[in-house]
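The structure appears below as structure tokens.
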Amino acid sequence: MIQIEQHSYTTQDGNTVIVLKPTGRLDITTAWQFRLKLQECISKLSHHVVVNLGQVNFIDSSGLTSLVAGMRDADKVNGSFRICNVHPEAKLVFEVTMMDTVFEIFETEEEALEGVPRSMAS
């Protein structure tokens, strides 16, 4: 079981952004649960999602797959999908798999929130 903290943020132009902050490991035992949470947020709450990985110290291929699926879901509805605050131990996985070139990755949650498109309606 993975703990996922969730809060919403409203941009200056009124878009709602859902911030998800999982804690622990994003691996084969937890990735499906995280994937379902992403799907639910994108389909029901907001097309704009920021995933804060500061508390995720381990991520494997199934964890990366759940993130890719979330990004695809957001793309399908012209939303945005950003990752921020990648834990140093998880950062290596993004670099080795070259996923750091696939995702929009920001250092801080604030930067990721500022990067949400101002002109897009959610």
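Can you give the angle from 0 to 90° between the axis of helix 31-40 and the longest principal axis of the chain, with both taken from C-alpha atoms, to the nearest 10?
Once rounded, one gets 10 degrees.
Once the Cα gyration tensor of the stretch 4-122 is found, what semi-axes does its equivalent ellipsoid get, as square roots of 5 times the eigenvalues, in whole Å, sorted largest first?
Here the semi-axes work out to 22, 15, 13 Å.
At a 1.4 Å probe radius, carbon and sulfur cover how many percent of the accessible area of the chain?
Carbon and sulfur atoms account for 51 percent of the accessible area of the chain.
Can you give me the Cα centroid spacing of the stretch 1-17 and the stretch 32-64 in angstrom?
The distance from the Cα centre of the stretch 1-17 to that of the stretch 32-64 comes to 12 Å.
Could you go through the stretch 10-27 in sequence order and give the Karplus-derived ³J(HN,Hα) for each residue, using 6.51 cos²θ - 1.76 cosθ + 1.60 with θ = phi - 60°, rounded to whole Hz, and x for Gly and Pro?
Result, rounded to whole Hz: 10, 6, 4, 9, x, 6, 9, 10, 9, 9, 10, 10, x, 10, x, 9, 10, 9.
At 1.4 Å probe radius, can you tell me the per residue accessible area of the chain in Å²?
Per residue, the chain has an accessible area of 53 Å².
Put ARG72, ARG82, ARG35, ARG25 in order of accessible area, largest first, 1.4 Å probe: what do you get?
ARG72, ARG25, ARG35, ARG82
For LYS44 and SER62 in one chain, what is 0.36 nm times their gap in residues minus the Cα-Cα distance, to one decimal in nm?
4.1 nm
The values are calculated or read from the model by the stated rules, or taken from the named source; none is laboratory data. Owing to the predicted nature of the structure, the values given are computational and were not obtained by experimental measurement. Please note that ligands, DNA and RNA were not included when accessible areas were found on the heavy atoms of the full protein model with its side chains. Shrake-Rupley method; radii C 1.70, N 1.55, O 1.52, S 1.80 Å.
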